[in-house]
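Report on one structure; see the data block that follows.
The values are calculated or read from the model by the stated rules, or taken from the named source; none is laboratory data. Quick caveat: nothing in here was measured; it's all calculated off a predicted structure. Quick reminder, even Gly has a Cβ in these numbers, built from the backbone with ideal geometry, and neighbours come from all protein chains shown. Keep in mind that these areas ignore ligands, DNA and RNA; they rest on the heavy atoms of the full protein, side chains included. Shrake-Rupley method; radii C 1.70, N 1.55, O 1.52, S 1.80 Å.
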Amino acid sequence: MKDLMDLSVKFRDKRNWKQFHNFKDLALSLSLESSELLEHSQWKNGKELEDYVKNNKEALGDELSDVLHYLLLISHDLDIDIEKSFKNKMLKNEEKYPVEKSFGKSTKYTEL
């Protein structure tokens, strides 16, 4: 994870873009890139969506990479150990969604 973060920061810093990267604008960019990922599924369902995903891995990977780039920059700039944070959040999710209550269900944890 650190190598990826270093790569994102180095890319930004070589272009002197840190001056534009405050928390709000990075979070906004993260949201926009997530929306671009979602756009790939717009108006597609079932087999059409399945085929699209199968045939557009590179484009989808590009969008996922843009999301990751902004996530890593935000983590770096806020001095958050994203790997540790992710692992802690998964532990919390384990508590909120115990297998015996949530298996095969899409119910929110407050309704289990």
Report yes if some residue within the stretch 23-45 is open to solvent by 100 Å² or more (accessible area, probe 1.4 Å) and either among the small types (G, A, S) or at positive phi (or both); otherwise report no. yes
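Quick one: count up the residues across the stretch 8-29 that are without any contact (Cβ under 8 Å) to a residue 60 or more places away in the chain and within 17 Å of the chain's Cα centre (by Cα).
Residues in the stretch 8-29 being without any contact (Cβ under 8 Å) to a residue 60 or more places away in the chain and within 17 Å of the chain's Cα centre (by Cα): 7 in total.
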Considering residues of the stretch 76-112 that are touching a residue at least 24 places away in the same chain (Cβ under 8 Å) and hydrophobic (A, V, I, L, M, F, W, C) only, the residue surrounded by the fewest Cβ atoms within 10 Å (Cβ to Cβ): L78
Free of Cβ contacts under 8 Å to residues at least 60 places away in the same chain and more than 21 Å from L78 (Cβ to Cβ), is that true of Q42? yes
Filter the stretch 4-22 for residues that are open to solvent by less than 100 Å² (accessible area, probe 1.4 Å) and within 22 Å of E83 (Cβ to Cβ) and give the result. L4, M5, D6, S8, V9, F11, R12, D13, H21
For the stretch 46-57: of the residues being open to solvent by 60 Å² or more (accessible area, probe 1.4 Å) and of a type in the set (D, E, K, R), which is nearest to the chain's Cα centre (by Cα)? K57
Of those in the stretch 58-75 that are under 12 Å from L32 (Cα atoms) and acidic (D, E), the residue least open to solvent (accessible area, probe 1.4 Å) is E63
